[in-house]
Amino acid sequence: MCEVYSHIVVSARSFHNRCDKLRRRLLNTAPQEEQALLDDPVLGQAIANYPSDRAKLLIVGGLIYLPVSSLVNLLFADTDPATAAIIVITFMSLLALLIGWVILHWWNREVVLYVRGFAYREGSRMVFIAYPEVRTFRQRIERVSYFGGLIKRTIHEITITTTADETIVLNMIYRRIGELGQRLEKEIHAALQSIIAIRLREGQAIPFSADFTIDQHGLRAGDRRLAWADYAGYQITQGHLVIKAQGDPQWHQLPIRAIDNVTLLLEQLQAHS
């Protein structure tokens with residue numbers, strides 16, 4: 001009897017170890033951060049990486065699947081068992097497939113920062129971008145609340161466009177998105193600073209939103225122009241940038257989240273204040 005019991009214990013432990021290895025392989029909680037980052041011959045030394053948060057993806061998927069499946073079971077509790085089984089099993093299978101597809105869509109993503117640029121991985125596709133190849137950088141950080149402030153969360157989203165008309169969107173699926181945003185903004189700002197200065201000296205207009213540009217003579221908002229001589233500073237209030245003119249303290253305003261390269265714009269405005 002003891003031998004049988006011992007055999008069962010050993011088998012159980014072996015099964016548990018195999019399950020644990022399988023779980024680690026599936027979750028892959030921090031493989032990218034544990035692996036040594038490889039330098040790039042063009043972009044230089046690798047500095048840091050920011051993979052997608054796979055644990056968060058699984059948790060969100062479970063939080064969606066469990067209550068929805070429970071609700072479906074309750075709705076068909078009084079239905080004929082045979083009919084209810086077909087409907088519930090079909091619906092839950094489709095729901096699981098949909099949630100699984102979304103999780104897999106975000107599963108294998110990563111951003112790697114280098115000295116002279118960054119790499120963006122989406123599945124097996126890897127794109128390498130030098131900082132001077134970035135055209136616009138936009139960062140949205142917003143605190144939102146639901147149910148009268150009972151639930152609060154911070155929305156953090158980064159949108160990058162390149163000179164090759166590529167658009168990259170990074171959100172809170174990525175680990176340490178706040179740190180990633182600060183680093184990207186600092187490096188992109190430094191790379192675009194000299195480019196914008198050259199374009200301004202050449203008399204080109206620099207767009208910072210769909211209808212707002214600046215040049216060496218002043219600012220343009222839609223069809224209205226404001227010469228630097230009439231410019232009277234700016235103010236940031238309630239998530240908006242307010243442009244002041246002589247005699248008009250609210251000459252133009254636009255939401256911060258709608259401004260491209262906002263730190264570069266503020267730098268130019270401060271230089272003419």
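The values are calculated or read from the model by the stated rules, or taken from the named source; none is laboratory data. Since the model is a prediction, treat every value here as computed from it, not as a measurement. Positions of Cβ are backbone-derived with ideal geometry, glycine not excepted, and every protein chain shown enters the neighbour counts.
Brief remarks on what is shown
- Boolean, Ala245 is among the small types (Gly, Ala, Ser), surrounded by 14 or more Cβ atoms within 10 Å (Cβ to Cβ) and within 28 Å of the chain's Cα centre (by Cα): no
- Any hit, segment 217-239, residues being crowded, with 16+ Cβ neighbours inside 10 Å and in a loop (DSSP other than H, G, I, E, B): no
- Selection from segment 259-273 of residues that are at pLDDT 90 or above and either part of a helix (DSSP H, G or I) or exposed (fewer than 12 other Cβ atoms within 10 Å of the Cβ) (or both): Val262, Thr263, Leu264, Leu265, Leu266, Glu267, Gln268, Leu269, Gln270, Ala271
- Test: residue in segment 80-93 that is free of Cβ contacts under 8 Å to residues at least 12 places away in the same chain, of a type outside the set (Phe, Trp, Tyr) and assigned to a loop (DSSP other than H, G, I, E, B): yes
- Among the candidates Gln204, Gln193, residue that is out of contact with any strand residue (DSSP E or B) (no Cβ under 9 Å at 6 or more places or on another chain) and within 30 Å of Ala48 (Cβ to Cβ): Gln193
- Number of residues in segment 144-198 that are of a type in the set (Phe, Trp, Tyr) and part of a loop (DSSP other than H, G, I, E, B): the value is 1.
- Unmet criterion (only one of (1) surrounded by 11 or more Cβ atoms within 10 Å (Cβ to Cβ); (2) in contact with a strand residue (DSSP E or B) (Cβ under 7 Å, 6 or more places away or on another chain); (3) farther than 21 Å from Leu192 by Cβ) for Ile158: (3)
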